[in-house]
Amino acid sequence: MTMRRAILSGSTFEDRIGYARAVIDGDQVHVSGTTGFDYATMTISDDVVEQAEQCLRNIGAALAEAECTFADVVRVRYLLPDREDFEPCWPVLRRRFGEVRPAATMLVCGLADPRMKIEIEAYARRGSGDRG
């Protein structure tokens, strides 16, 4: 039987909406769409690049709790309300994913809160980043 476990970050959104930051299902880790909120303070920067950096810190924490790293990410989706905000984030994204090269998609869409400028979701397979 496959083991399933939810990972919570402490974000108030998880409780109010009813979801987990990530779900481990066997060797798969599904990280929910993650925004640039600092969950400890529930604050968010006005700058899209700073939001992207915080998204990745939040995702990194979920991956670590799932006993994997960015090297295990096989799929990533970027969601932004303004397509012009994507290119300034590329250097931040490349630092995490440049060597990993996950499958990726960028979508332009509305986000739940007008302060949110980027949301990132990721899928990882534990142990897939081992490059022996």
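Quick notes
- Phi angles across the range 121-126 convert, under the Karplus curve 6.51 cos²θ - 1.76 cosθ + 1.60 with θ = phi - 60°, into 3J(HN,Hα) values of 10, 9, 10, 10, 10, 4 Hz, Gly and Pro given as x.
- Expressed as a fraction of 2.2 N^0.38 Å, the value expected for a compact globular protein of N residues, the C-alpha radius of gyration of the chain is 1.01.
- The HN-Hα couplings worked out from phi for the range 35-47 by the Karplus form 6.51 cos²θ - 1.76 cosθ + 1.60 (θ = phi - 60°) are 9, x, 6, 7, 5, 5, 10, 6, 10, 9, 6, 7, 8 Hz, whole numbers, x standing for Gly and Pro.
- Exposed trypsin sites (Lys or Arg not before Pro) absent: longest stretch of the chain, with sites in DSSP loops and at most 16 other Cβ within 10 Å deemed exposed: 1-114
- Carbon plus sulfur fraction of accessible area for the chain, probe 1.4 Å, in percent: 49 percent
- Per residue, the chain exposes 56 Å² of accessible surface when a 1.4 Å probe is rolled over the protein heavy atoms with every protein chain present.
- Dipole magnitude of the chain, debye to nearest 20 (Cβ charges: Lys/Arg +1, Asp/Glu -1, about Cα centre): 460 debye
- Surface accessible to a 1.4 Å probe, L79 within the full protein complex, Å²: 30 Å²
- J(HN,Hα) series, the range 97-102, from Karplus relation 6.51 cos²θ - 1.76 cosθ + 1.60, nearest Hz, glycine and proline x: 10, x, 8, 7, 6, x
- Taking the chain and dividing mean pair separation by its residue count, relative contact order in percent (alpha carbons under 8 Å, at least six apart): 30 percent
The values are calculated or read from the model by the stated rules, or taken from the named source; none is laboratory data. Remember, predicted model here, so these are calculated numbers, not experimental data. Virtual Cβ from ideal backbone geometry, glycine too; neighbours counted across all protein chains shown. The area values use the complete protein model at the heavy-atom level, side chains included, leaving out ligands, DNA and RNA. Shrake-Rupley method; radii C 1.70, N 1.55, O 1.52, S 1.80 Å.
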